[in-house]
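Student: Sharing a structure below in C-alpha cells format, with a few things to ask.
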Amino acid sequence: MKKIGLFYGSTTCYTEFAAEKICASINRMLGAQTVQLHNLAYDSVLLMTHYNHLIMGIPTWDYGELQEDWEVQWDALDTMNLKRKHVALFGLGDQIGYPEWFQDALGYLWHKVVSLGASAVGEWPNTGYDFIESKALKEDKNVFVGLALDEENQFEIIDDLIYRWSRQIITEFGLSP
Ligand SMILES: Cc1cc2nc3c(=O)[nH]c(=O)nc-3n(C[C@H](O)[C@H](O)[C@H](O)COP(=O)(O)O)c2cc1C
C-alpha cells in the first residue's frame, strides 16, 4: 500500500485537528494507515524523503509569518530534493482578524516546495472567502495554492471542505481507489 506523509506545525492545535481530519478522511477512502502524521514539533522535515506523496499543513502567525515549528526547520528544507515528490498543501488562517495577511505562510511554503522541485497539487478556489490580501493566491488566478481553512470564522464548513479537498488530492496524486 502507498503511504502518504502528512507533515504539519501547529501552535494552538487547529492545524493539528485539521491534519487529523484529513488523515481520517483519506484513510477512509484508501485504507487504514495510508496517511502517516508527523508533527514538526517532534519530527524532522528530513523524514519527507520516505514518501512519494506528501501533504503539508501550515498556519500563518504574527502578521504573515511562518508557524514556529516550520520556522525552526525552514532552512533544513533547503537541503532536500523534492523532485518526483507530489505535494498538496493546506493552511490555517483568520480572514477577519488578519485580512491583509490571510494564509501568507501557505504561500511561502508553496514557493519553497516548488523551488525544491516538487510537483504541487491541491489548488483551491478563493470564492466564499472575505479578505484583502494573501500571498497564498496564485498569480493571475482566482485560486489558492492549497486548501485555505479558517477555523475561527468558517468552523461549520471545515469538515465539508476537508472531505472535498481530500477526494480531489487523491485523484490528483493518482491514488484513487
Ligand atoms: C497572534 C496571532 C497572529 C495571527 N496572524 C495571522 C496572520 O497573519 N494571518 C492569518 O491568516 N492568520 C493569522 N492568525 C490566525 C491563525 O493562523 C489561526 O488561529 C490558526 O488557526 C492557528 O493555527 P494553529 O492552532 O494550528 O497554530 C493569527 C493568530 C494569532 C493569535
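Student: Considering only residues that are surrounded by 13 or more Cβ atoms within 10 Å (Cβ to Cβ) and over 13 Å from the mean Cα position of the chain (by Cα), which ones fall in region 14-38?
Tutor: Of region 14-38, the ones surrounded by 13 or more Cβ atoms within 10 Å (Cβ to Cβ) are 14-27, 29-30, 34-38.
Correct list: ALA24, SER25, ILE26, ASN27, MET29, LEU30, THR34, VAL35, GLN36.
Student: List the pairs whose first member sits in region 95-120 and is over 26 Å from ASN52 (Cβ atoms), whose second member is part of a helix (DSSP H, G or I) and near the ligand (Cβ under 9 Å from one of its atoms), and whose Cβ atoms are under 9 Å apart, counting only residues at least 6 apart or on separate chains?
Tutor: Short answer, once both residue conditions are applied: TYR98/ASP104.
Student: Here is a further query. Going by what's in this entry, would LEU116 be described as buried (at least 23 other Cβ atoms within 10 Å of the Cβ), at pLDDT 95 or above, out of contact with any Asp or Glu (no Cβ under 7 Å at 6 or more places or on another chain) and not aromatic (Phe, Trp, Tyr)?
Tutor: Details: buried (at least 23 other Cβ atoms within 10 Å of the Cβ): no; at pLDDT 95 or above: yes; out of contact with any Asp or Glu (no Cβ under 7 Å at 6 or more places or on another chain): yes; not aromatic (Phe, Trp, Tyr): yes.
In short, no.
Student: Of everything in region 30-42, what is part of a loop (DSSP other than H, G, I, E, B), under 18 Å from ALA18 (Cα atoms) and not hydroxyl-bearing (Ser, Thr, Tyr)? Give them in sequence order.
Tutor: The answer is ALA32, GLN33, LEU40, ALA41.
Student: For region 85-132, how many residues meet the condition of being in a strand (DSSP E or B) and within 16 Å of the ligand (Cβ to nearest atom)?
Tutor: 5
Student: Of all residues in region 54-108, which are surrounded by 14 or more Cβ atoms within 10 Å (Cβ to Cβ), hydrophobic (A, V, I, L, M, F, W, C) and over 16 Å from the mean Cα position of the chain (by Cα)?
Tutor: Residues of region 54-108 surrounded by 14 or more Cβ atoms within 10 Å (Cβ to Cβ): 54-61, 64-74, 77, 80, 82, 85-95, 98-99, 101-108.
From the residues that got through so far, the ones that are hydrophobic (A, V, I, L, M, F, W, C) too are 54-56, 58, 61, 66, 70, 72, 74, 77, 80, 82, 87-90, 92, 101-102, 105-106.
Once the filter is applied, which keeps residues that are surrounded by 14 or more Cβ atoms within 10 Å (Cβ to Cβ), hydrophobic (A, V, I, L, M, F, W, C) and over 16 Å from the mean Cα position of the chain (by Cα), region 54-108 yields VAL72, MET80, TRP101.
Student: I need the full set of residues from region 21-78 which are on the phi > 0 side of the Ramachandran plot and away from the ligand (no atom under 16 Å from the Cβ), in order please. Please lay out each step first, then the result.
Tutor: As a first pass, look at region 21-78 and keep what is on the phi > 0 side of the Ramachandran plot: 31, 33, 62-64.
Residues satisfying the conditions are GLY31, GLN33.
Student: In addition: Kindly check whether there is at least one residue in region 148-166 that is in contact with a Lys or Arg (Cβ under 8 Å, 6 or more places away or on another chain) and assigned to a loop (DSSP other than H, G, I, E, B).
Tutor: Residues of region 148-166 that are in contact with a Lys or Arg (Cβ under 8 Å, 6 or more places away or on another chain), as a first pass: 158-159, 162.
This time we only want the ones that are assigned to a loop (DSSP other than H, G, I, E, B), so: none.
So far as region 148-166 goes, no, none of its residues is in contact with a Lys or Arg (Cβ under 8 Å, 6 or more places away or on another chain) and assigned to a loop (DSSP other than H, G, I, E, B).
Student: Only one of (1) more than 8 Å from the ligand (Cβ to nearest atom); (2) small (Gly, Ala, Ser); (3) within 22 Å of LEU161 (Cβ to Cβ) fails for ALA18. Which number is that?
Tutor: (1)
Student: Out of region 1-24, which residues are in contact with an Asp or Glu (Cβ under 8 Å, 6 or more places away or on another chain) and not in a helix (DSSP H, G or I)?
Tutor: PHE7, TYR8, GLY9, SER10, THR11
The values are calculated or read from the model by the stated rules, or taken from the named source; none is laboratory data. The structure displayed is predicted, hence computed values, not measured ones. Every residue, glycine among them, receives a Cβ derived from its backbone with ideal geometry; neighbour counts consider all protein chains shown.
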